[in-house]
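Participant: One structure, as structure tokens, below. Some questions next.
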Amino acid sequence: MVTGAASGIGLALARRFGAEGMRVVLADVEAEPLRAAEAALRDAGVDACAVRTDVARAESVEALARRTLEAFGSVHVVCNNAGVFAGGLSWEVPLADWEWVLGVNLWGVIHGMRSFLPLLHAHGEEAHVVNTASMAGLVTNPFAAPYTVSKHAVVALSETLYHELTLRRSPVGVSVLCPEAVATRIGASERNRDAGAARAPETAEQAFVREALTRSVAGGVAPEAMAERVVAAIRDRRFYVLAEDDWRRAAALRCEDVRLGRNPRFEPPRPGG
Ligand SMILES: NC(=O)c1ccc[n+]([C@@H]2O[C@H](COP(=O)([O-])OP(=O)(O)OC[C@H]3O[C@@H](n4cnc5c(N)ncnc54)[C@H](O)[C@@H]3O)[C@@H](O)[C@H]2O)c1
């Protein structure tokens, strides 16, 4: 089961799992691309089932879990992947933006864990959870507070889950996917917001970060590379699924600042990565 499966990294994961011979449940809030993704997987011979889902709503994810069982009887891999981006000066970001980004990026993962962990444990076989965070969950950037906060929270939540599953000697593994810039539609996240909602005019910081995100994503790696990494991590039961070295160095610098009690530096990796 993959959320955010109609586009980008989620679609690449769904395709890759299908190519591995798995049956796939695709969940997404965007109806038409979701239908098209299901049709494309079925054309490729994959037993695929699309379920329109808003991961920000607990009852919607509960319904997704029920539909998953109805469709395929059990579930072994769960990817809490759906995500959106909004930025701006942290004290100016509209409440609606905070609620939207944390609703999808953090609550979506919380709902996914609450609804699916019991199902992964129910059959007693090996199983795996993959939570999509970001390298933005390991470093901090200005002008992207809702996104950065949501991704740090997903890393923390995933590490916590890892400790708990280990202590319980659970057959369920967990990985946290922390991509760099990936060529997807995340720069057009607004397409998934309530069409009627009034928006304040874009601030200079919002425009800056939107443009930086659009640029970095346009030059980003292919989503298929993420699917490759995820499948390898599930096979190896590896927790951290990280971007390449320059990003890891940025994360290590932050840890070093913490260790030495130094003030935080800003040495970009770019927002959205
Ligand atoms: N693209 C990047 O550079 C990058 C980098 C790091 C992390 N990520 C993360 O990867 C994940 C996938 O994003 P992507 O880059 O493939 O973007 P994308 O926009 O191409 O795909 C995201 C999918 O999530 C869906 N979605 C949005 N809100 C939803 C909701 N409420 N319920 C269900 N589905 C919803 C969208 O409809 C879309 O199909 C996100 O969590 C994102 O934060 C992306």
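Participant: Translational diffusion coefficient of region 95-220 at 25 °C, 0.890 mPa s, Stokes-Einstein with Kirkwood Rh over Cα pairs, in µm²/s as a whole number.
Facilitator: In µm²/s, the coefficient rounds to 151.
Participant: A follow-up question, please. Return, ordered by residue number, the residues of region 139-153 whose backbone nitrogen is under 15 Å from a label point located 7 Å along Cα→Cβ of I110.
Facilitator: So the set is 149-153.
Participant: Let me ask you something else. Express the carbon and sulfur contribution to the solvent-accessible surface of region 2-260 as a percent, rounded to the nearest whole number, probe 1.4 angstrom.
Facilitator: Solvent-exposed carbon and sulfur of region 2-260 make up 55 percent of the total.
Participant: Order of 52-58, 81-87 by packing, highest average Cβ count within 10 Å first?
Facilitator: Numbers: 52-58: 20.4, 81-87: 26.6.
Going from most to least packed, we get 81-87, 52-58.
Participant: If you place +1 on the Cβ of every Lys and Arg, -1 on the Cβ of every Asp and Glu, and leave all else neutral, what size is the dipole of the chain about its Cα centre, to the nearest 20 Debye?
Facilitator: 400 debye
Participant: Continuing with the same structure: For region 2-260, calculate the relative contact order in percent as a whole number, restricting contacts to Cα pairs under 8 Å that are 6 or more residues apart.
Facilitator: 20 percent
Participant: Using only Cα atoms, figure out Rg for region 166-217 and give it as a multiple of 2.2 N^0.38 Å.
Facilitator: Expressed relative to 2.2 N^0.38 Å, the Cα Rg reads 1.80.
Participant: Same structure again: Return the equivalent ellipsoid semi-axes of region 2-260 as a descending list in whole Å, where each equals the square root of 5 times an eigenvalue of the C-alpha gyration tensor.
Facilitator: They are 28, 22, 17 Å, listed from largest to smallest.
Participant: For the chain, what is the accessible area per residue in Å² when the probe is 1.4 Å?
Facilitator: 48 Å²
The values are calculated or read from the model by the stated rules, or taken from the named source; none is laboratory data. Predicted model only: the values in this text are computed from it and were never measured. Note that each Cβ is placed from the backbone with ideal geometry, even for glycine, and that neighbours are counted across all protein chains shown. Ligands, DNA and RNA are stripped out before the accessible areas are found, and what is left, the full protein with its side chains, is counted by its heavy atoms. Shrake-Rupley method; radii C 1.70, N 1.55, O 1.52, S 1.80 Å.
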